[in-house]
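Each value in this text was obtained by applying a stated rule to the coordinates, not by laboratory testing. Because the structure is predicted, anything quoted here is derived from the model rather than measured. When we count neighbours, we look across all protein chains shown, and the Cβ atoms used for this are built from the backbone with ideal geometry, even at glycine.
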Amino acid sequence: MGGIPTVLIRALGGNALHIGIYSTCQGFLHFAQFVGPLILQRTRSNQRAMILSMYLGAVLAGLIVLTVLSPCLGSVTPGILWMYLFLAGGFAAAAGIQLNLENSWIGDLVPPDRLGWFNSYKWILTCFAILLCGVLFGKAADWSPTLTCYAGVYAMFGLSFLWAAYVYRGITDRAPKNVTFLASGNGEISRIRYTHFPMWCYIVFFWCWSGSRVAFVAFVPLYLIDQFKFSMTNIAWLYNVQFIVTILLLHFVGKIGDRFGHRIPLMVISGAVALCMSLWVWSAWWGIVPIILYQVINGAAGNTHSMVVANFALEILPYKGRAAYLAFSSLCIGAVILVTPTLGGIFLRASKDVHIQLWGAQLNNYHLFFAICTLVAMCCVVPLQILGRFLAKEQVQRAGTAGMTPTLEAPAPTEGTSSSAPREPGD
């Protein structure tokens, strides 16, 4: 939605703290994914579970529309702002459930060595849609900066969820392989292994990456509006630079991942983009030029990064109970994302009078905040490097064991292969 939530919160009387709280609510996208496996256990169907999540998203979008339009019947009150923030958290939670079910469904349907190919085309289509919607929303907000216009954006989301629920009825279904969170279970259902080392490396990676990035992205529109007097259309086009670069990279990166594994591409993309976040600090000297350069480089992060992360998770997490492993990981990640944007809002509000003269430029609280986010994000490559050493050591041990003890079992997957079980006939 680009900068729509930012201007909407301001229209409802909010400030930087409320924008930080809104971004904190987006942490529910990760936090609520634990509901996905519960729905799968109940429905025993990827298709039915996804359709239910689409209906949930449509209902929440409708409630947000009614909340945003309610001031048109009277005055804007603080209660309406807090109701919007509450429903926005629920809207993000619905998106998290959908994301968990989507990854589970893709993992059940797409062969492991074709994940990069499949997801690259899926994300290319997604980027085209986001590019067009970003321009549409930005133009609409500039043409009619009213609560009615902002409500219309959420109405479009609600209608799209209903349409998706209809389309999903024609997609091949698959009964998911479920595991529980707590009880050991009986028969085919068992509990997830909380000591799974690759899963924890994945979680720590996201603590550094998303913990800083979510807070960083939350205040980018506010910085552009306050520092450069950007319109919503200008912000939309600036974001579109990222999506154009993403479209060019997606297919190329997908092929590399299918051939060599997804850990190394993830390290390169994450490290490069984290370092380039410092370009927002350099905008104090060079103006808008570093920001445009960042958006070009950030094209490697956007949906390219989302694709590589999704494929990486499907590669390292166990096949049985994949949705539960993804949900538990997201629960841990969401706990951090629930905190960092609010802390960012508190920091920016407390440091609003900070001004530092350095090398002929004046740095403000935004530049200090961007520098802190950059340092935290750069730490994300450490758990990926540790995981690489762990997988290499495990592969050597496995090869030694296989050389000493004959076995009829299939070899365990290594990096560059999926942890999926052998495919059943007809898969």
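For the stretch 25-99, the direction-averaged projected area of the alpha-carbon convex hull comes to 5.0 nm².
At an R0 of 25 angstrom, the distance between the Cβ atoms of LEU162 and PHE86 translates into a FRET efficiency of 0.65. When trypsin sites (Lys or Arg not before Pro) are flagged only if DSSP places them in a loop and at most 15 other Cβ atoms lie within 10 Å, the longest unflagged stretch of the chain comes out as 45-192. Structure note, pairs LYS122/LYS255; LYS122/LYS177; LYS229/LYS352: Cα-Cα distances above 20 angstrom occur for LYS122/LYS177. Electrostatic tally near LEU40: other residues with Cβ closer than 13 Å to its Cβ, Lys and Arg +1, Asp and Glu -1, net +4.
Where does the longest stretch of the chain lie that holds no chymotrypsin sites (Phe, Trp or Tyr not before Pro) found in a DSSP loop with 12 or fewer other Cβ atoms within 10 Å? In short, 1-193.
Computed 3J(HN,Hα) for the stretch 371-387, one whole-Hz value per residue from the Karplus formula 6.51 cos²θ - 1.76 cosθ + 1.60 where θ = phi - 60°, is 5, 5, 4, 4, 5, 5, 5, 5, 6, 5, 6, 4, x, 5, 5, 4, 5, glycine and proline marked x. Most fluctuating residue of VAL204, VAL167, VAL273 in a GNM of the chain with Cα springs under 10 Å: which is it? Largest GNM mean-square fluctuation: VAL167. No partner Cβ under 4.7 angstrom, meaning no disulfide-compatible partner by this rule: which Cys of the chain qualify? Cys with no partner Cβ under 4.7 Å: CYS25, CYS72, CYS127, CYS133, CYS149, CYS201, CYS276, CYS332, CYS373. Placing pseudo-labels 7 Å out from each Cα toward the beta carbon at TRP286 and ARG10 gives an inter-label distance of 2.7 nm. Each residue of the stretch 145-162 was assigned a 3J(HN,Hα) from its phi angle through the Karplus curve 6.51 cos²θ - 1.76 cosθ + 1.60 (θ = phi - 60°); the sequence is x, 10, 4, 4, 5, 5, 5, x, 4, 5, 5, 4, 5, x, 5, 5, 5, 5 Hz, with glycine and proline shown as x. Ratio of Rg to Rh for the chain: 0.98 [Cα atoms; Kirkwood radius as inverse mean 1/r over pairs].
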